[in-house]
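Single-structure report; data block below.
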Amino acid sequence: MGEVVLCQAAEIRPPSWYESLNEIGSFLGGAEAVADLELESLIRGAGVTREALDMSDEVLADFEQLIAALRNEARLSVVGALLARIELLRALRARAVLMSNGMPGGVSRSEDDPLADRTVVFIIGGPRSGTSGLQRWMANWADVHTPSTVDVLYPQFIGTAHGPELLASVTIQDRLWDAIDAGFIHQHLNRGDLPAECLPVLCAGFISHHWTGCYRLPTYEAHLRRRGSAHALQLHRAFAGRIASASEERVLLFKSPAHAPIMEDLLAAYPDARFVYIDREPSEVVLSHTRLLSTIRSMRSDHHDHEADTRAAEQVVTRSYRTIGRLADAGDLNESNFRLISYRDLLDGLGRVSKALSSWLSIKLSDLAMASLRDRQLEAPLSQAPGPMRQGTPIDPELVVLRTEFMRSTKNLKLGLQ
């Protein structure tokens, strides 16, 4: 088999305001002087107490490990440091809210568990494989509820009426991506009340691949693998409980491609959940994810390394294949809790996919809904990588082998389409 070479998007040039802010900050002492990432300063800035955060020694160590990596490894620009501080403040506030709700008692179901009578569904898959498109489509189904961007970023507002000011504010915040890379507006319509992926919720546990996606943090990445995601996923259950308490729909729908590599911890936290995995050709996933990483990281650091971004994208796909394949071989993922859909099936038409998924989840779609699905295709801007292209880094040939093994392990778990 010949070498597979990625055609990588040309380097993204940040907007002029980004360069201006960094230039101003350079004469004020740089990123660290402009945005303080010290532990006590962050807690004060979040307006919360240590008691409200309820951090064990292990969780405090996680937080300190993250801060140290951001300060010492991320090579933050002034804008990057401001964004890091904002995200850390938001994570601290979210943690205080979720901890005040009380942590769910283990993962056992009880009469007091708000998830006891709900079906929890996770959409996962390779990054940039259509997970957002499927989530937003399923969010329109009767008896399905999925969190909005406001819910994910500000869980204190779950169950309250979102005023126009809050929605407008979150929409403006979310559209920062469009200001960095105009291609984003063609890939995701960003708005405060639209469905959002739930990865930022794990930031409240300070163990989240959100940080390693936004910043290059080698020591924190190694810490993540050693530590596991169990604690952060318990906070996710607290978040899901708040969503369930504020909604009436039977099915709670969450999505994040970043959950695929941590499926073992996800299964432990949600033993009764169901999982929909979207499979896309690995070279396409790596190309698209590399562009995403480059876009996100370019607004946080002036030191770009496109080859490192490619390798990081490959590692995510590699861990996903290995983890899910191992769980499928062991029988932990089976026909009752796991279904695989190909990216091509989504692009070819939603009718068959929706009919099969709704049947598997015991959701009855109305005749009107089914009629609207005829010949309907999922909007697929992600199938085209926008912007000028240049020859990129060869893809790791191991990925091709792993994909073959992954498909063997999951061959009996494909969603049956008629």
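For the reader, a short list of remarks on this structure follows.
- Residue within the range 258-278 that is farther than 26 Å from Pro397 by Cβ, small (Gly, Ala, Ser), surrounded by 21 or more Cβ atoms within 10 Å (Cβ to Cβ) and without any contact (Cβ under 8 Å) to a residue 40 or more places away in the chain present: no
One line per residue, one yes/no per condition, for (1) aliphatic (A, V, I, L, M); (2) within 22 Å of Leu66 (Cα to Cα):
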position	(1), (2)
Ala196	yes, no
Pro200	no, yes
Ala204	yes, yes
Thr212	no, yes
Ala222	yes, yes
Ser229	no, yes
Gln234	no, yes
Leu253	yes, no
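- Which listed residue, of Leu346, Leu287, Leu266, Leu357, is within 17 Å of the chain's Cα centre (by Cα), hydrophobic (A, V, I, L, M, F, W, C) and assigned to a helix (DSSP H, G or I): Leu266
- Ala238 falls short on exactly one of the conditions (1) among the small types (Gly, Ala, Ser); (2) crowded, with 20+ Cβ neighbours inside 10 Å; (3) closer than 26 Å to Ala330 by Cβ, and that condition is (3).
- Positions within the range 132-175 being among the hydrophobic types (A, V, I, L, M, F, W, C) and assigned to a helix (DSSP H, G or I), in sequence order: Leu134, Trp137, Met138, Val150, Val152, Leu153, Phe157, Leu166, Leu167, Ala168, Val170, Ile172
- Residue within the range 239-260 that is assigned to a strand (DSSP E or B) and β-branched (Val, Ile, Thr) present: yes
- A count restricted to the range 1-16 and to residues that are surrounded by 14 or more Cβ atoms within 10 Å (Cβ to Cβ) and at pLDDT 75 or above stands at 0.
- Identity of the residue in the range 378-418, assigned to a helix (DSSP H, G or I), surrounded by 17 or more Cβ atoms within 10 Å (Cβ to Cβ) and not hydroxyl-bearing (Ser, Thr, Tyr), that ends up modelled with the lowest pLDDT: Leu382
The values are calculated or read from the model by the stated rules, or taken from the named source; none is laboratory data. What you are looking at is a predicted structure, and each value in this text was computed from that prediction instead of being measured. We place every Cβ from the backbone using ideal geometry, glycine too, and count neighbours over all the protein chains shown.
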